Each structure stands twice: as structure tokens, then as C-alpha cells.
1. Loosely packed, with under 14 Cβ neighbours inside 10 Å, of a type outside the set (Ser, Thr, Tyr) and in contact (Cβ under 8 Å) with a residue 60 or more places away in the chain: does that describe residue 195?
2. Taking region 103-117, which residues are assigned to a helix (DSSP H, G or I) and either touching an Asp or Glu at 6+ places or on another chain (Cβ under 6 Å) or under 23 Å from residue 2 (Cβ atoms) (or both)?
3. Consider residue 81 carefully, then state whether it is in a helix (DSSP H, G or I) and surrounded by 14 or more Cβ atoms within 10 Å (Cβ to Cβ).
4. For region 248-274, name all the residues that are at pLDDT below 85, touching a Gly at 6+ places or on another chain (Cβ under 6 Å) and not aliphatic (A, V, I, L, M).
5. Just to be sure before I move on: is residue 160 of a type outside the set (Asp, Glu), touching a Ser or Thr at 6+ places or on another chain (Cβ under 8 Å) and more than 27 Å from residue 52 (Cβ to Cβ) in the structure I sent?
6. Would you mind stating whether residue 165 is under 16 Å from the mean Cα position of the chain (by Cα) and either surrounded by fewer than 24 Cβ atoms within 10 Å (Cβ to Cβ) or closer than 25 Å to residue 267 by Cβ (or both)?
7. Could you please let me know if residue 202 is free of Cβ contacts under 8 Å to residues at least 12 places away in the same chain, farther than 22 Å from residue 125 by Cβ and surrounded by fewer than 24 Cβ atoms within 10 Å (Cβ to Cβ)?
8. Sort out which residues of region 136-161 are modelled with pLDDT of 80 or more, in contact with a Lys or Arg (Cβ under 9 Å, 6 or more places away or on another chain) and hydrophobic (A, V, I, L, M, F, W, C), and write them in order of number.
Amino acid sequence: MGATLALIAAFMFALAATLQQRGALELGGVGSASSLLKLLSRPMWLVGTLVLFGGYILQAAALDRGRLSIIQPLLVTTVVFALPLGYFLTSQVVGRREIVGAGVILAGLALFTYFADPAGGNENAPGSEWAVVIVLIVVVCGAMLVFGGRSDASAGTRAAVYGTVAGILFGLSASLTKPTLEYLHEGVDELLSHWEGYALAVAGLLGFVLQQVSLGTGKLAPSVATVSVANPIVGIAIGTLLLDERWSRPGWHILLGVVGLVLALVGAVVISIASERRKTQPATAPD
């Protein structure tokens, strides 16, 4: 059930990204606070935002029923769903490389879900360990935002950088969903008395804003691909290092699971690179 909910959430994330991008493109891009506020007047963007929050709810339900290390990688399928949606809704070009990349993602996830069997683990970790992880994430995200904010950065670079930072923050918020849901099961008062829920809200909101900036560049594939890659990497790292989730199958099963995960992430990168190369081709072609 957890895996099924994760796949439905991935589809909703892809649909939301496509609809939000369409709304952002109507404004000519998103790069300032004023343009972000103007998105509120775009019906297409608002519908995409509602779909996005529906995806968050399904993701939380999936995390409540499954391990972080298995649910988060399944969200890489977001980039696969984004290809046909982008083709039909925002006139994105889908070529052979994108199709091959999507096939690699699906094959890799099939290997991962079959041979990887995360088990055990905890719902939460000591506050001191969370503090170290959060500080590290803040430093990494800050450095990337400085790099992506350069005046000479291309649209594809900005989409990739802001998408990566958004994916990192989404991975953090997904990881904080585990303890937040645990407190929620005990009651709202218990939830409000702990910091995890507030940190989840902050990380999720910042990730949401940065994803809008990434989508506003007009480059759907790099934006969705980087979010879909960074999100599971952070989720797996936190699930393994902080929550003590372990792959229960020994030996070559673990190796094939790792190979499958790497293939899925490589497929997402292939889609991103193919999109960026296609963007530069018309400029060098004769009229």
C-alpha cells in the first residue's frame, strides 16, 4: 500500500509541476517576490498547487505505511510522468533520449524495489543528530543558491540548481514527516509541543517556493529531474544514518538494489541533459 500511494503521489507531483509551470510561463517567468505573488491570480497555477498538496498528503500516507528508504526513491517516477504531461500540456519536446531515460528509470526502480528490502529503523532520532543534519543542509543549500543566482547562469542551470535545493528540502521535510506523524497519532497537543512539525513546515514551504522559481525558468525536465534525484538521495541518507533503516537482504541482493537505484537516478539526469542539449540546437541551426 505504501508503494502504491508513493506512485500515485509521484504522478500528482508531476501533474502539479506541469500545471504550475504553465501558470508561471504565462507571466514570462518567476524570479522575484512580486512575480510569485502574481501567480496567485493564475487559475492554472492554483489548480497545480491544489494537486501538489494532494500529492503531499498521499506521500505522508505512504511514509506512514512504509520505510523512508523505499518510499522516497519511488518518487523518481515523477520525472517519467512529467514527460507525457509536459508534452500535452506545455508543448515540451519529448525525444528519443527522454524516452530512453524514462525506460532506465523504470528498470532501475524495478531492480531497487525487488532486491532492496529496507527494514527496522526508528520513527525519530535524537535532537542533536537532527541539528547536525539540518545545519549541513542549510550550508549546502546556501552555497548552491549563491551559485545559481549568478547573472551569467543559464536558464537550464538555474532550473537545475533551484530544483536541486528544492529536492534537498523536500527530502528533509519527508524525513521529518515520520516523527511528525508519530506525534500526531498521539494527539494534536503532542504534535504542537515538538519542533519537528514546525521544521517540516519551514522546509516544505521553502522547497515549494524554490521549486516555483525553478519551474519559472521554463525548463520542466531539468527542474523535475533534479527535484526527483535530490529528494530520494536525502531521504535515503537520513533514513540510513539517523533512523537506522537497513536493507535486510544480504550479499548480492544489496548490490543489485544499489545498481537499480543508481540507474534510476542516472535516467533522471539523462532526461535533464537531453532537454538542455535540445535547447541549444535551434541557435546553431541555419534559418
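1. Working: loosely packed, with under 14 Cβ neighbours inside 10 Å: yes; of a type outside the set (Ser, Thr, Tyr): yes; in contact (Cβ under 8 Å) with a residue 60 or more places away in the chain: yes.
Judged against the criteria, residue 195 is a match.
2. 105, 106, 107, 108, 109, 110, 111, 112, 113, 114, 115 - these are the residues of region 103-117 that are assigned to a helix (DSSP H, G or I) and either touching an Asp or Glu at 6+ places or on another chain (Cβ under 6 Å) or under 23 Å from residue 2 (Cβ atoms) (or both).
3. Yes: the conditions hold for residue 81.
4. The one that is at pLDDT below 85, touching a Gly at 6+ places or on another chain (Cβ under 6 Å) and not aliphatic (A, V, I, L, M): 267.
5. Spelling it out, it is not the case that residue 160 is of a type outside the set (Asp, Glu), touching a Ser or Thr at 6+ places or on another chain (Cβ under 8 Å) and more than 27 Å from residue 52 (Cβ to Cβ).
6. Against the criterion (under 16 Å from the mean Cα position of the chain (by Cα) and either surrounded by fewer than 24 Cβ atoms within 10 Å (Cβ to Cβ) or closer than 25 Å to residue 267 by Cβ (or both)), residue 165 qualifies.
7. no
8. Answer for region 136-161, where residues must be modelled with pLDDT of 80 or more, in contact with a Lys or Arg (Cβ under 9 Å, 6 or more places away or on another chain) and hydrophobic (A, V, I, L, M, F, W, C): 159, 160.
The values are calculated or read from the model by the stated rules, or taken from the named source; none is laboratory data. Since this is a predicted model, take the numbers as computed values, not measurements. Neighbour counts run over all protein chains shown; Cβ positions are idealised from the backbone, glycine included.
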